[in-house]
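Working notes, structure below.
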Amino acid sequence: MAKRNIIIAGNWKMNKTPFEARCLAYEIAEKTEGAACKVVLCVPFVDLFQVKEAIAGSGVCLGAQNVHWAESGAFTGEISADMLVACDVEYVVIGHSERRQYFGETDATVNARTKAALAKGLKVILCVGETREERELDETQAVIERQIRLGLADLSEQDMENVVIAYEPVWAIGTGLTATAEQAQEVCAYIRTLLAELYTPDVADATTIQYGGSMNAKNARELLSMPDIDGGLIGGASLKPADFLVIVAAGSAEATKA
Ligand code: PEP
């Protein structure tokens, strides 16, 4: 089996002024020096420049939290892929459940944003996940299948080299409720099966699938030890350097396993 990239990504959401962002990013960059896993910081747009400077020369990668599908134009409040590339952004989160829940994001807009980002050379962290109600109605697999099929529509095998999937059960995001390692593994393995069907077993084997949803310093090691969980997308704990560093250490331990 191809060795997959283990990626620990912080999603800072709508937190940190540029000055605060610079300080936090600097501390993380300094203390994750030599990490064996990839570390990505997905920060608010206005923080990109400061964070870029703070992580310069370190192994930490710069990420954003959204991108528009159009090249440019009358889309007040939006940011284009070209703008992100010009800020040296490498990764962009697309389809986060908060965007789906509060900002009208649909599978079609997720797909449009993903295509636009990939066309400009960005790497995409595409988020999928079921709500509590959908889980209780036993609809988890159907929801994940729809989000994966429609979110990845028209993407080639080559595109998939630049796509990371983040499985984020909505009921676990920011709630303190974490999926058990077994629940998270089950869905991540299912996503890999879908990728094998949609593409090839090699594509499925090579794709990084993260878990996100109240991952923290206490539960990271167990979650990351599961065979189909290749990293984490971390919200709250990514704002606490001590906790985030423990998660990165757990990711590094996985990355160095034979
Ligand atoms: C997220 O924002 O993607 C996330 C998983 O948040 P939290 O870790 O706070 O649940």
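The values are calculated or read from the model by the stated rules, or taken from the named source; none is laboratory data. Given the structure is predicted, the values throughout are model-derived calculations rather than measurements. Because the Cβ atoms are built from the backbone with ideal geometry, glycine has one as well, and the counts that use them run over all protein chains shown. In case anyone asks, the SASA skips ligands and DNA or RNA and just uses the protein heavy atoms, side chains included. Shrake-Rupley method; radii C 1.70, N 1.55, O 1.52, S 1.80 Å.
Would you check which residues across region 90-115 are hydroxyl-bearing (Ser, Thr, Tyr) and within 14 Å of the ligand (Cβ to nearest atom) and list them? TYR91, SER97, TYR102 - these are the residues of region 90-115 that are hydroxyl-bearing (Ser, Thr, Tyr) and within 14 Å of the ligand (Cβ to nearest atom).
If you take the residues in region 117-140 that are part of a helix (DSSP H, G or I) and touching a residue at least 40 places away in the same chain (Cβ under 8 Å), which one is farthest from GLU78 (Cα to Cα)?
Only one residue fits best here, namely THR140.
All conditions in (1) outside any strand (DSSP E or B); (2) buried (at least 18 other Cβ atoms within 10 Å of the Cβ); (3) within 16 Å of the ligand (Cβ to nearest atom) hold for ALA242, with the sole exception of (2). Among the residues here, VAL43 qualifies as within 16 Å of the ligand (Cβ to nearest atom), closer than 20 Å to PRO241 by Cα and touching a residue at least 24 places away in the same chain (Cβ under 8 Å).
Entry remark, region 110-146: residues being under 29 Å from CYS87 (Cα atoms) and open to solvent by 10 Å² or more (accessible area, probe 1.4 Å) number 10 in total.
May I ask you to verify whether GLU186 is among the charged types (D, E, K, R), more than 15 Å from the ligand (Cβ to nearest atom), without any contact (Cβ under 8 Å) to a residue 60 or more places away in the chain and not in a strand (DSSP E or B)? The answer is yes for GLU186. Among the residues of region 2-19, those that are touching a residue at least 60 places away in the same chain (Cβ under 8 Å), within 16 Å of the ligand (Cβ to nearest atom) and part of a loop (DSSP other than H, G, I, E, B) comprise TRP12, LYS13, ASN15, LYS16.
Taking the criterion of being in contact (Cβ under 8 Å) with a residue 24 or more places away in the chain, among the polar types (S, T, N, Q) and away from the ligand (no atom under 16 Å from the Cβ), the residues of region 141-179 that qualify are GLN141, ASN162. Each residue in region 80-101 was checked for being open to solvent by 40 Å² or more (accessible area, probe 1.4 Å) and not acidic (Asp, Glu), and 7 pass. In region 63-77, what residues are open to solvent by 10 Å² or more (accessible area, probe 1.4 Å), closer than 16 Å to ASP47 by Cα and under 20 Å from the mean Cα position of the chain (by Cα)? GLN65, ASN66 - these are the residues of region 63-77 that are open to solvent by 10 Å² or more (accessible area, probe 1.4 Å), closer than 16 Å to ASP47 by Cα and under 20 Å from the mean Cα position of the chain (by Cα). Can you work out which of the residues in region 46-61 that are within 19 Å of the chain's Cα centre (by Cα) and assigned to a loop (DSSP other than H, G, I, E, B) is nearest to ASN15 (Cα to Cα)? Selected residue: VAL60. Going through region 20-45 one residue at a time, which ones are within 15 Å of SER252 (Cβ to Cβ), open to solvent by less than 60 Å² (accessible area, probe 1.4 Å) and part of a loop (DSSP other than H, G, I, E, B)? If the condition is that a residue be within 15 Å of SER252 (Cβ to Cβ), open to solvent by less than 60 Å² (accessible area, probe 1.4 Å) and part of a loop (DSSP other than H, G, I, E, B), then THR32, ALA35, ALA36, CYS37 are the ones that fit.
What tally of residues in region 216-239 results from selecting those that are outside any helix (DSSP H, G or I), open to solvent by 10 Å² or more (accessible area, probe 1.4 Å) and near the ligand (Cβ under 10 Å from one of its atoms)?
The total comes to 2.
Taking the conditions (1) at pLDDT below 95; (2) open to solvent by less than 10 Å² (accessible area, probe 1.4 Å); (3) among the small types (Gly, Ala, Ser) in turn, GLY176 satisfies each one other than (2).
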